[in-house]
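Visitor: Below are the structure tokens for one structure; questions will follow.
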Amino acid sequence: MIGEYDFGRIAVDGKVYNSDLIILPDRVIANWWRQKGHRLAVDDLQEVIAAEVEVLVVGTGKFGAMKVPPETVEALQVRGIKLQIAPTEQACQIFEHLCDQKRTAAALHLIC
């Protein structure tokens with residue numbers, strides 16, 4: 001599904017994206033923005049929650065600048081969503097490994 005990732009650029013199913021995105025089992029949500037830039041809040045993930053995924057892989061950026069606060073982790077865990085958090089390059093690899101095994105989504109920050 002993910003063909004390649006580099007700073008500010010990712011290919012998903014052959015289509016190139018140049019902004020943050022969410023990958024759901026049935027679609028890609030392009031131009032994904034968070035309410036507070038480099039801080040991931042549960043409100044930023046409403047589409048993920050609605051999709052009833054089992055696993056969410058969070059790519060925190062090339063250098064890991066996006067933070068996932070404990071309250072976001074807890075809110076997702078309460079909903080039965082397991083988290084994998086890593087810099088985006090590693091997150092892409094984790095997602096590729098998991099996406100055929102479970103209902104998996106990815107929320108990927110492409111820069112920083």
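What follows draws every value from the coordinates through simple rules; no lab data is involved. Please read all numbers here as calculations on a predicted model, not as lab measurements. Note that each Cβ is placed from the backbone with ideal geometry, even for glycine, and that neighbours are counted across all protein chains shown.
Visitor: Restricting to DSSP H runs of at least four residues, report the calculated mean residue ellipticity at 222 nm for the chain, -39500 (n - 2.57) per run over all residues, nearest 500 deg cm²/dmol.
Guide: Per the formula, -6000 deg cm²/dmol.
Visitor: Separate question: Springs between alpha-carbon atoms under 10 Å, Gaussian network over the chain: tell me which of Ala50, Ala30, Ala91 tops the mean-square fluctuations.
Guide: In the Gaussian network model the winner is Ala50.
Visitor: Same structure, new question: Given the Cα-Cα distance of Lys15 and Lys102 and 0.36 nm per residue of separation, how much length would full extension add, in nm?
Guide: That pair, Lys15 and Lys102, stretches by 29.0 nm at full extension.
Visitor: Between the DSSP loop rule and a limit of at most 10 other Cβ atoms within 10 Å, which chymotrypsin sites (Phe, Trp or Tyr not before Pro) in the stretch 25-112 are left?
Guide: Trp33
Visitor: Treat every Asp and Glu Cβ in the chain as -1 and every Lys and Arg Cβ as +1, leave all other atoms uncharged, and give the resulting dipole magnitude about the Cα centre to the nearest 20 debye.
Guide: That gives a dipole near 240 debye.
Visitor: Please work out which option in (i) 61, 38, 23; (ii) 34, 29, 20; (iii) 59, 42, 19 gives Cα extents along the principal axes in Å calculated from these coordinates, and answer with its label.
Guide: (ii)
Visitor: Taking GluC sites (Glu not before Pro) as exposed when DSSP calls them loop (any state but H, G, I, E, B) and at most 15 other Cβ atoms lie within 10 Å, what is the longest stretch of the chain free of them, the sites themselves excluded?
Guide: 55-112
Visitor: So what's the net charge close to Met1: Lys and Arg +1, Asp and Glu -1, counting the other residues with Cβ under 10 Å from its Cβ?
Guide: Neighbour charge sum, excluding Met1 itself: -3.
Visitor: Can you tell which of Gly64, Asn31, Leu21 lies farthest toward the positive end of the dipole of the stretch 20-112, using +1 and -1 charges on the Cβ of basic and acidic side chains (Lys, Arg; Asp, Glu)?
Guide: Of the listed residues, the answer is Gly64.
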